[in-house]
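First, the structure itself, so that you have it in front of you.
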Amino acid sequence: MIQRNILLVTLILIVSSCQSKKAVDLKTVLEQKEQRVFNIMLGKNGPNERKLKCLIDGDFKGAQQAITEEERAFDKIINEINALETGDIKWGNQLKSATSNYYKAIKEFEIFDRLIIVQQQISQNKTNTEKIRDAAIRQQGQLSRNKLKMRKIINKQEQLLATVQKRFNLLNHLH
């Protein structure tokens, strides 16, 4: 029994020694960035929630300000990711790049709402002629179709990121 425990402890030490501390640190930092993105997108009183509340209230200016705040938050996270040192971490650069590209796609998707909000504002402005309001509604439809295409880009980036994360974890003996 004691020999079995010693063997088990030895095996654990061997496996854990295969893990790169730098790889573990990189993974931890990227997980923290993921949490910050989650808070931007879904956090209570986060920019996205404020944007939606402003739109419900018809506060287009407030919605645009929330988008600007959201964009700045994404830019900060993306810049922090791009500044990370990956040195000799196996697939560290690939993971950093895939993560950054994924967040860039999400950011572009989110800030695209600026264009939709402008058209929404035009379509709801009663001082505009019916022709102008109808054109704005048609434009909103086209923008919504464009946004669906952007969603496909996000899905592709997400799949790529998942593939890179699996490879990174495998090469660095992370679980």
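If Glu108 meets every condition in (1) open to solvent by 30 Å² or more (accessible area, probe 1.4 Å); (2) touching a residue at least 40 places away in the same chain (Cβ under 8 Å); (3) farther than 22 Å from Ala63 by Cα apart from one, which number is that one?
With (1) open to solvent by 30 Å² or more (accessible area, probe 1.4 Å); (2) touching a residue at least 40 places away in the same chain (Cβ under 8 Å); (3) farther than 22 Å from Ala63 by Cα applied to Glu108, the lone miss is (3).
If you don't mind, another one. From the list Gln139, Gln165, Gln157, which one is closer than 21 Å to Leu52 by Cα, surrounded by 15 or more Cβ atoms within 10 Å (Cβ to Cβ) and of a type outside the set (Lys, Arg)?
Gln139
Okay, next question. With Val37, Val118 as the choices, which residue is open to solvent by 40 Å² or more (accessible area, probe 1.4 Å), under 20 Å from Met150 (Cβ atoms) and of a type outside the set (Phe, Trp, Tyr)?
Exactly one of Val37, Val118 is open to solvent by 40 Å² or more (accessible area, probe 1.4 Å), under 20 Å from Met150 (Cβ atoms) and of a type outside the set (Phe, Trp, Tyr), namely Val118.
Which pairs do you get when a residue that is more than 13 Å from Leu84 (Cα to Cα) and surrounded by 13 or more Cβ atoms within 10 Å (Cβ to Cβ), found in the range 15-28, comes within reach of a residue that is modelled with pLDDT of 95 or more and of a type outside the set (S, T, N, Q), reach meaning Cβ atoms under 8 angstrom, with the pair 6+ apart or on two chains?
none
When you look at Gln124, is it open to solvent by 80 Å² or more (accessible area, probe 1.4 Å) and touching a residue at least 24 places away in the same chain (Cβ under 8 Å), yes or no?
Here the answer is yes, as Gln124 does meet what is asked.
OK, next. Which one is most open to solvent (accessible area, probe 1.4 Å), of the residues in the range 43-85 that are touching a residue at least 12 places away in the same chain (Cβ under 8 Å), in contact with an Asp or Glu (Cβ under 9 Å, 6 or more places away or on another chain) and of a type in the set (D, E, K, R)?
If we take residues in the range 43-85 being touching a residue at least 12 places away in the same chain (Cβ under 8 Å), in contact with an Asp or Glu (Cβ under 9 Å, 6 or more places away or on another chain) and of a type in the set (D, E, K, R), then Arg50 is most open to solvent (accessible area, probe 1.4 Å).
For the range 58-106, which residues satisfy the criterion of being modelled with pLDDT of 95 or more, of a type in the set (D, E, K, R) and over 20 Å from the mean Cα position of the chain (by Cα)?
Selection gives Asp59, Lys61.
While we're here: Look at the range 89-103 and say how many of its residues are of a type in the set (D, E, K, R) and crowded, with 19+ Cβ neighbours inside 10 Å.
1
The values are calculated or read from the model by the stated rules, or taken from the named source; none is laboratory data. Because the structure is a prediction, the values reported are computed rather than measured. Glycine also receives a Cβ, built like all others from the backbone with ideal geometry; neighbour counts cover every protein chain displayed. We work out accessible area using only protein heavy atoms, side chains counted, and drop any ligands, DNA or RNA first. Shrake-Rupley method; radii C 1.70, N 1.55, O 1.52, S 1.80 Å.
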